[in-house]
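The values are calculated or read from the model by the stated rules, or taken from the named source; none is laboratory data. Values in this document were obtained by computation on a predicted structure and should not be read as measured data. When we count neighbours, we look across all protein chains shown, and the Cβ atoms used for this are built from the backbone with ideal geometry, even at glycine. Surface accessibility is based on the protein's heavy atoms, side chains included, excluding ligands, DNA and RNA. Shrake-Rupley method; radii C 1.70, N 1.55, O 1.52, S 1.80 Å.
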Number of protein chains: 2
Amino acid sequence: MFYKNYLNNCFVFILKISIFLHNADNSCIKQYYLIIKMAVTIKDIAKISGYGVGTVSRVLNGGTLVKSETRERVMQVARKLNYKPNKVAKMLVTGKFSQSTIGIILPKITHRFSMEIIAGIYTKLNELGYNLLVFNIGKKREEVFEHIRYSHFSGLLVLLGSLKEDEVLMLKSENTHFVYLDYHDRNENSIFFNNHLGGGLAAKYLMDKKCKRIMLVGDYAKTIQREERFRGFKDVLKGAQIELFDEVYISSDEKAAYSLTKKVIKAGKADGIFFYSDDLALGGLKAKREIQSSIRIIGYDDIEAAGYLGLSTVRQNAHTLGKLGAGTIVEILKKDKPINETEVVYRCLEPELVDRGS
Amino acid sequence: MFYKNYLNNCFVFILKISIFLHNADNSCIKQYYLIIKMAVTIKDIAKISGYGVGTVSRVLNGGTLVKSETRERVMQVARKLNYKPNKVAKMLVTGKFSQSTIGIILPKITHRFSMEIIAGIYTKLNELGYNLLVFNIGKKREEVFEHIRYSHFSGLLVLLGSLKEDEVLMLKSENTHFVYLDYHDRNENSIFFNNHLGGGLAAKYLMDKKCKRIMLVGDYAKTIQREERFRGFKDVLKGAQIELFDEVYISSDEKAAYSLTKKVIKAGKADGIFFYSDDLALGGLKAKREIQSSIRIIGYDDIEAAGYLGLSTVRQNAHTLGKLGAGTIVEILKKDKPINETEVVYRCLEPELVDRGS
DNA sequence: CTGAAAGCGCTTACAG
DNA sequence: CTGAAAGCGCTTACAG
């Protein structure tokens, strides 16, 4: 038993619900009123203004083929009801929805490295005339994927590590192509950096600088990137028959790295440290310089500050990754093949050593 | 005279067009075939597979209430036709379109300052559970606004300077709220920095450092920001009865600023320069340090590098601007008032002097 | 100048 | 398990 009503600038349904709870006495009844707000439609305006929906539509679209009297009456009603056009319906009927939007899904927290990737993506899409729809896993993950499912865009970039199995299935059933960025999976499109190689470069750097007691410092986040990067590092040491002196994990900020490094220097044991990222390494560098220690420090990523502060590092060109990712997804879309007939793009980018003498 | 046909993995209309050219002999005829590609719909699949559209829809949505034989037949046809579901239709019927997407429109080229604003926006929207749809004026401007018109999002941030009159009209007729960022218009929502004040701070800095022969350097772009910033600068000088020594405009890059500053120092006239932006000022700073000149240099923005390199500057907190902009548009949307009844948000942020002794 | 109707591509009760 | 039908909110010829 319900009725549609006009109330408080908005149409509402008022729904009376009775709930019978099967208690011992089998008689307890609760009643609720459920109020459902309904969006105002062109039909409502038509009914209230006394015109047909066609006329209302013409007025709303600035059509000139309406009497100005009609025009005003309709506009007045529309304003009063706080009418907002339903873009989705409009898109459907006009067929004018953009075919040139790329989606990207990102983790909750983004560091400078991700921001640079995004800048690269943006630059490339700009060139190609595509728009970018950014989804963040700020809310519940499933909710975001619901949005992704029902949003209209042509392809998705995934800068999030791995997707879950059902997420992949959903995307495929919606025929939505996607490309992993900075992550790799043999079965899916992936553009990523060779972390194993990069870790090795860092090891070589410290060896070249004649370090003998080499230390590894990472943060707590267990990612595939860290695993590969550190494995690459250890493999090279092993190859040179150098034993890893120490391996420490700290929280992901510069200050933690700073105080750790101070301690290490004062203990006077390690003579070279490889930090998982420049963010950490900058803390280490600060400690080194303050104490004027000869300890060697190398980071990873080559963020802008590394250049200014003279930190040796392993460069991963984030901008290039972003541009490449954007270019790839657009190319895949242009081929317009069914998702299971598309050949997988699997591209590994090589990092490079940047020796700034630190 | 045309017919629908199945060809090359896609439905096509082939349209035969005859054109009569009214020449002298009045007889010349040209004929074309116009080929129109039509998207494959669920109806096409139904027709070809021999099932009803309802059944096809159930199969496509992974429904379990279909015979597996039916399921396979339908899927096979869908694959063969390279069927792609129309998300827009799906959204309309399910009503599941995201109400929590904010749009942003950006100029073609974006500098670090804009990127930081975007990072701020992103951070805030993340917090609020909103997605971001980024439009760039890479393509023709009108085309982008067509996209904006037909895209489904709730509010728009404008980081583009001013909108044209018809663009504003379009947004309003679509009931799309918008907020200017880093630009201001008394009649529209605006969040921006006080450039007049900022320019004044720069002037005070140089005066405090006892500069007597003060110079102004900008790039060629005539923006409202530049006008106000430089006017503020001059106003303060005028107030102190100091005459502007020189005013030069160069191209927007560090190198131009570097060589200009070298020349200025060698000429030995000016003893203080205010650069329109840190990007330029960093070039000036480099020249100053190379020659070990005592000339004073101040920039504007406080980009990251300014901190690392010890450049005095006027800080505009881009991150704050972005966060505020995102928060504001969401708040406006939550109030859900008709666009002409919304009171205008007009918020001016104050820049601050950062003295790093340069 | 306006109304009634068809249709955009899909989903989803409702019968059978 | 499947088909026919109604409907999402709009636009747009087509008559009148």
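So, in segment A:155-169, of the ones that are touching a helix residue (DSSP H, G or I) at 6+ places or on another chain (Cβ under 9 Å) and open to solvent by 30 Å² or more (accessible area, probe 1.4 Å), which residue ends up farthest from A:THR320 (Cα to Cα)? The qualifying residue farthest from A:THR320 (Cα to Cα) is A:ASP166.
Could you go through segment A:45-55 and let me know if any residue there is under 41 Å from the mean Cα position of the chain (by Cα), more than 9 Å from DNA strand C (Cβ to nearest atom) and outside the structural domain of A:VAL330 (by TED's automatic domain parsing). Taking every residue of segment A:45-55 in turn, at least one turns out to be under 41 Å from the mean Cα position of the chain (by Cα), more than 9 Å from DNA strand C (Cβ to nearest atom) and outside the structural domain of A:VAL330 (by TED's automatic domain parsing). Selection of first residues in segment B:46-61 that are more than 17 Å from B:THR94 (Cα to Cα) and open to solvent by 70 Å² or more (accessible area, probe 1.4 Å) and of second residues that are among the basic types (Lys, Arg) and more than 6 Å from DNA strand C (Cβ to nearest atom), restricted to Cβ pairs under 8 Å at least 6 apart or on distinct chains, gives the following pairs, ordered by first then second residue: B:TYR51/B:ARG73. Residues in segment B:310-331 that are open to solvent by less than 40 Å² (accessible area, probe 1.4 Å) and either at pLDDT below 95 or at positive phi (or both): B:GLY310, B:ALA318. In segment A:111-130, of all residues being open to solvent by less than 40 Å² (accessible area, probe 1.4 Å) and among the β-branched types (Val, Ile, Thr), the one that is nearest to the other protein chains (Cβ to nearest Cβ) corresponds to A:ILE118. The set of residues from segment A:190-210 being assigned to a helix (DSSP H, G or I) and more than 16 Å from A:PRO351 (Cα to Cα) comprises A:LEU206, A:MET207, A:ASP208. Evaluate segment B:73-96: report whether one residue or more is open to solvent by less than 40 Å² (accessible area, probe 1.4 Å), over 39 Å from the mean Cα position of the chain (by Cα) and within 13 Å of DNA strand D (Cβ to nearest atom). Within segment B:73-96, one or more residues are open to solvent by less than 40 Å² (accessible area, probe 1.4 Å), over 39 Å from the mean Cα position of the chain (by Cα) and within 13 Å of DNA strand D (Cβ to nearest atom).
Among residues of segment B:84-96 that are free of Cβ contacts under 8 Å to residues at least 24 places away in the same chain, those with a beta-carbon under 6 Å from a residue that is more than 9 Å from DNA strand D (Cβ to nearest atom) at least six positions away or on a different chain give the pairs B:LYS87/A:HIS152; B:VAL88/A:PHE97; B:VAL88/A:HIS152; B:LYS96/A:TYR150. When restricted to residues that are of a type outside the set (A, V, I, L, M, F, W, C), open to solvent by less than 30 Å² (accessible area, probe 1.4 Å) and in contact (Cβ under 8 Å) with a residue 60 or more places away in the chain, segment A:176-194 contains 6.
Based on this model, can you work out whether A:ASP336 counts as free of Cβ contacts under 8 Å to residues at least 40 places away in the same chain, of a type outside the set (S, T, N, Q) and touching a Cys at 6+ places or on another chain (Cβ under 9 Å)? It is true that A:ASP336 is free of Cβ contacts under 8 Å to residues at least 40 places away in the same chain, of a type outside the set (S, T, N, Q) and touching a Cys at 6+ places or on another chain (Cβ under 9 Å). Scanning for something in contact with a Phe, Trp or Tyr (Cβ under 8 Å, 6 or more places away or on another chain) and modelled with pLDDT under 90, does segment A:176-198 turn up at least one residue? Within segment A:176-198, none of the residues are in contact with a Phe, Trp or Tyr (Cβ under 8 Å, 6 or more places away or on another chain) and modelled with pLDDT under 90.
Per the listing B:LEU156, B:LEU133, B:LEU181, B:LEU163, the residue uniquely closer than 14 Å to B:THR101 by Cβ and away from every other protein chain (no Cβ under 12 Å) is B:LEU156. Where helices (runs of 4 or more DSSP H) sit wholly within segment A:221-296, those with at least 3 residues that are touching a Ser or Thr at 6+ places or on another chain (Cβ under 6 Å) and buried (at least 19 other Cβ atoms within 10 Å of the Cβ) occupy A:278-291. B:PRO338 meets all of the listed conditions (1) farther than 24 Å from B:ASP185 by Cβ; (2) assigned to a loop (DSSP other than H, G, I, E, B); (3) open to solvent by less than 40 Å² (accessible area, probe 1.4 Å) but one, namely (1). Scoring B:GLY52 on the criteria (1) more than 10 Å from chain A (Cβ to nearest Cβ); (2) in contact with a strand residue (DSSP E or B) (Cβ under 6 Å, 6 or more places away or on another chain) leaves a single failure, condition (2). Restricting segment A:62-102 to residues that are more than 9 Å from every other protein chain (Cβ to nearest Cβ) and within 30 Å of A:LEU163 (Cα to Cα), the residue that is nearest to DNA strand C (Cβ to nearest atom) is A:GLN99.
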